Structure formats: structure tokens, C-alpha cells
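Asks: Here it is: the structure, laid out below.
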Amino acid sequence: MSVKQRLKEYLKSIKLSERAFGCTIGVSSGYVSGMRQSIQPDKIESIAKHFPNLNTGWLLTGQGEMLNDNLNEDQIIDKKVIEIKSDPKDAEIIELQRQMIKDKVKIIELQEEKINALEKSQRGDVESVKGVVKKEAQG
């Protein structure tokens with residue numbers, strides 16, 4: 001089995017398209033289909049960085065298991081969080097998203113206050129209408 005076939009097998013096992021894989025490691029969407037013999041060292045480094053559970057030794061040689069046994073899910077998540085925090089561009093995007101969420105929560109709180117005020121006003125209107133109807137019925 002070739003490196004290309006092993007990579008396709010891995011992508012299939014994690015249900016990731018070749019296009020998404022290419023975007024993730026920073027290559028063209030047709031990178032996998034255009035592979036010939038092996039993978040350049042810089043691409044292996046990017047694959048290892050973005051897919052820490054993939055055994056790159058297996059990918060290159062076919063020796064061993066497809067997945068690294070020494071990483072559990074929490075370690076993989078921790079590694080991804082560190083990667084994101086270490087990239088200033090990603091950190092800026094995350095901070096902007098946090099601020100947007102805070103702003104939307106504030107908008108929701110204000111809308112809830114308006115709804116409560118309208119409901120209270122409506123209850124008051126209903127009570128006044130009941131009072132008028134009661135007076136008319138009596139008089």
C-alpha cells in the first residue's frame with residue numbers, strides 16, 4: 001500500500017474529505033489526489049501538528065498501527081488548544097468571537113427586559129379593561 005493509499009484510508013476512518021484535509025494542513029484541495037511517491041518533510045510536520053493521533057511512521061512506511069496509542073482524546077484536545085492560542089491570528093479571531101457572544105448575550109438580556117415590561121403592561125391593560133367592563137355591567 002502506498003503513502004497516498006494509507007493517507008486516504010486514514011481520512012476515510014476519520015470521515016474527513018481530501019479537500020478539508022488539504023485546507024487543514026495548508027495545501028491545495030487536490031493535494032492528496034496529486035500525490036506521487038511520498039510526502040515532503042514540511043507536509044509531514046504539518047500533518048503531525050494538525051492530526052496528532054495519526055502515526056506518521058505508519059503513514060510513511062506502513063509499519064505499526066495507523067493511530068498513535070500514546071495520545072488520549074484529552075491530550076489531543078489540549079494540543080489543539082495550545083496550537084490555537086499560540087497563533088496570534090487565531091487568538092485575535094477567538095477574542096472577537098468572545099466579544100460578539102458577550103454583545104449578543106447583552107442584546108438578549110435587553111430583549112427579555114422589554115418582553116417582561118410589555119407583559120406587565122399587557123396584564124395591567126387587561127385588568128383595566130376588566131374593570132371598565134365590570135362597571136358597565138353594573139351600571
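Asks: Of the peptides 103-112, 31-40, how do they stack up when ordered by the mean number of other Cβ atoms within 10 Å, highest first?
Replies: Descending mean neighbour count gives 31-40, 103-112.
Asks: In this model, which of Lys8/Lys104; Lys49/Lys106; Lys15/Lys43; Lys15/Lys49; Lys12/Lys43 are farther than 30 Å apart at the alpha-carbon?
Replies: Checking Cα-Cα distances, Lys8/Lys104; Lys49/Lys106 exceed 30 Å.
Asks: Considering the stretch 88-139, what Rg and Dmax in Å follow from its alpha-carbon atoms?
Replies: Answer for the stretch 88-139, Rg first and Dmax second: 22.5, 76 Å.
Since every read-out is calculated from the coordinates, none of them should be taken as a lab result. Since the model is a prediction, treat every value here as computed from it, not as a measurement. Note: ideal-geometry Cβ built from the backbone for every residue, glycine included; neighbour counts use all protein chains shown.
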